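Coordinate-derived values only; no laboratory data. It should be emphasised that the depicted structure is a prediction, and the values quoted were computed from it without experimental measurement. Here the Cβ positions follow ideal geometry from the backbone for every residue, glycine too, while neighbour counts run over all protein chains shown.
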Amino acid sequence: MADRKLTVLNPAGYMEILQSSDNLVLDGSLQMTGTITDLPNCVNDNDAARKKYVDDSVAAIVSGAPSALDTLNEIAAAIADDSNYATTITTALGLKSPIASPTFTGTVTGPTINASTALQIGGVAVTSTAAELNILDGVTSTTAELNILDGVTSTTAELNYVDGVTSNIQTQIDTKAPLASPTFTGTVTVAAMDGEIDCGVYAS
């Protein structure tokens, strides 16, 4: 089909429309009061886009994002307009310790010990107060032994007296003789005699 030209008269002057094969080439601007319908989907860079095509493309980008984060401005505000957000987060994470086997530096401050934030050692809750725990600085007792101290007002030095005790102290004391008028059983060995010893044996 040969190229044909169509000249249209309008109030601004003449406008040429070139028909080449099945295409129309507009030389000038086109003003319309109607609607162009049945446009095909966009394929090439210069293809006209339908409203539905544009709406679908935007919806695909938003993809069900919450209303507070469905615009670029809202996303930027959410990351404090930080253009280096990834670096900022990576740096911040580098200053944190892992939950499993953390290693700390400097002074470590724990939560206030109360009913809801019980301190645990080896999985056993320690019920002593902070003041009572401060007395334990340097004490090597076990968790079970420490729980016995709930309410105790002894000093660190006094608590260290029981370091190494492995059985009931009263039981150990009961196996000892008093200094005043002791009574012995079995064979008594005396290293040196100083004064009189009443053995309870008298000659007839």
What list of ³J(HN,Hα) values in whole Hz, one per residue of the stretch 68-82 in order, does the Karplus curve 6.51 cos²θ - 1.76 cosθ + 1.60 (θ = phi - 60°) give from phi, with Gly and Pro shown as x?
-> 7, 9, 9, 10, 4, 5, 5, 5, 4, 5, 5, 9, 6, 6, 8
Taking the Cα-to-Cβ direction at S101 and at D56 and moving 7 Å from each Cα, how far apart do the two end points lie in nm?
-> 5.5
In Å, descending, principal axis extents of the Cα set of the stretch 39-144 | 84, 27, 21
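Quick check of the Kirkwood formula: for the stretch 44-91, what is the inverse mean of 1/r over all pairs of different Cα atoms, in Å?
13.1
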Between R50 and residues 5 or more places away or on another chain, which pairs have amide H atoms under 5 Å apart, with H built 1.01 Å from N, and which residues are they?
-> C42
